[in-house]
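Engineer: Below is a structure I'd like to ask you about.
Bear in mind that the values in this text are calculations on the coordinates, not laboratory data. Model, not experiment: these values are computed from the prediction. Quick reminder, even Gly has a Cβ in these numbers, built from the backbone with ideal geometry, and neighbours come from all protein chains shown.
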Ligand code: AHN
Ligand code: ZN
């Protein structure tokens, strides 16, 4: 009897092992995806202007005037593209006890029902340049042109496109707040390392704007605007949303962006998608600029005062925006 049990455990472990390698190879190789006809053309100049406007408010750090003003801008823009905009406002507690005012901004398009997808990006920017080469800058708020504004700029242009041609499925765009208020590097420890990031997405995932909100899958954009960006296959995405990752990577490659969407494993990032997966059960991937040659493994100017508008490239915004539109309008 005892042995049966042991064999069962051994078999289960082997099967888990198989599954694991099966899953990984599924995301490593490209194959030809289905792509619909008549996909709208993404406008990178428009996306770039949306990025620039956000950056010009100054750092969008919670509890500041720039943050408040940017929220009004984002909400106003989205209301111009759909009547279905919901602002989820409240307060969350930061690592240092500060009560942060936050606004998750949600815009819905297309048919109602559960056949829908979720697109996200964070719109706040980090109060600390704690990965800057200069120690004197560790507590300086960053422009967050790439880290924050780029993903939001792409999603605002996607929203404009969705307003011009209704998508075949429901699409929800969520601009998450309070993603980047995690403890500064010097104060990080085991107790505060993870769950003080993604405060807005954690709140939304536990209190969605509709009580039983569900989407087939989600795509998060994070640092999608720098010249020569490399999107490695991020670990949480690989493990919890392999088929979504494969679909998006195959489409990106198929339409000509193989130097951006690399079939290469990246590290595990505690980003907003992690909380949407954990607390809402929606498989969500993170399209995020990872760079194995940089010190942090992230975009080289990540959490530095150099994360500014100069580094934003219309070509990269185009790659990500056109890939998203192709995914959306090819869904059934
Ligand atoms: C952590 O470093 C734990 N999370 C990073 C998520 C992030 C911050 N993405 C952009 N800024
Ligand atoms: Zn950040």
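Engineer: Once you place label points 7 Å from the Cα toward the Cβ at residue 293 and residue 114, how far apart are they in nm?
Structural biologist: 4.6
Engineer: Here is a further query. Can you give me the orientation-averaged projected area of the convex hull built on the Cα atoms of the range 216-261, in nm²?
Structural biologist: Reported value for the Cα convex hull: 3.4 nm².
Engineer: While we're on this one: Please work out whether the range 169-250 counts as rounded, prolate or oblate from its C-alpha gyration tensor, where a ≥ b ≥ c are the square roots of the eigenvalues and a/c under 1.5 means rounded, while otherwise a/b larger than b/c means prolate and anything else oblate?
Structural biologist: Since a/c reaches 1.5 but b/c is at least a/b, the shape of the range 169-250 is classed as oblate.
Engineer: Mind checking the log10 I(q)/I(0) for the range 133-192 at q = 0.14, 0.23, 0.30 Å⁻¹? Debye, one equal scatterer per Cα, no solvent, two decimals.
Structural biologist: Debye intensities relative to I(0), on a log10 scale: -0.61, -1.04, -1.27.
Engineer: Which shape class, rounded, prolate or oblate, goes with the range 37-93 when its Cα gyration tensor gives a ≥ b ≥ c as root eigenvalues, a/c under 1.5 marks rounded, and past that a/b bigger than b/c marks prolate?
Structural biologist: Because a/c hits 1.5 or more and a/b fails to exceed b/c, the range 37-93 counts as oblate.
Engineer: Out of all DSSP beta bridges in the range 150-300, what portion is antiparallel? Express it as a percent rounded to 5. Could you put the intermediate results ahead of the total?
Structural biologist: Working: 2 of 9 bridges.
Taking every DSSP beta bridge within the range 150-300, about 20 percent pair in antiparallel fashion.
Engineer: Further, regarding this structure: With an 8 Å Cα cut-off and a minimum separation of 6 or more residues, compute the relative contact order for the chain in percent. Provide the component values of the computation, followed by the final result.
Structural biologist: Numbers: 690 pairs, mean separation 82.1, N = 332.
About 25 percent, as a whole number.
Engineer: Per residue, how much space in cubic angstrom lies within the convex hull of the C-alpha atoms of the chain?
Structural biologist: 154
Engineer: Next up: Computed from the mean reciprocal separation of all distinct C-alpha pairs, what Kirkwood hydrodynamic radius does the range 89-179 have, in Å?
Structural biologist: Every distinct Cα pair counted, the radius reaches 15.1 Å.
Engineer: Using a cut-off of under 16 Å, list every residue of the range 221-261 whose amide N is near the label point 7 Å from the Cα of residue 270 along the Cα-to-beta-carbon line.
Structural biologist: 235-237
Engineer: Please report the antiparallel percentage of DSSP beta bridges with both residues in the range 39-178, rounded to the nearest 5.
Structural biologist: Approximately 65 percent, going by the DSSP bridge assignments.
Engineer: Could you list the residues of the range 100-119 with an amide nitrogen less than 17 Å from a label point located 7 Å from the Cα of residue 212 in the Cα-to-C-beta direction?
Structural biologist: Residues 112-116 fall inside that zone.
Engineer: For a footprinting-style exposure proxy, rank 108, 258, 237, 150 by other Cβ within 10 Å, fewest first.
Structural biologist: 258, 108, 237, 150
Engineer: Let me ask another. Between residue 134 and residue 263, how many nm apart are label points set 7 Å from Cα along the C-beta direction?
Structural biologist: 4.4
Engineer: If you don't mind, another one. Taking 0.36 nm per residue of sequence separation and subtracting the Cα-Cα distance, how much length would be gained by fully extending the chain between residue 84 and residue 98, in nm to one decimal?
Structural biologist: Using 0.36 nm per residue and subtracting the Cα-Cα distance, I get 1.9 nm.
Engineer: Taking the Cα centre of each part, how many Å lie between the range 206-224 and the range 286-304?
Structural biologist: Here the answer is 24 Å between Cα centres.
Engineer: So what's the back-of-envelope 222 nm ellipticity for the chain, counting only DSSP H runs of four-plus at -39500 (n - 2.57) apiece and dividing by all residues, rounded to 500?
Structural biologist: -12000 deg cm²/dmol
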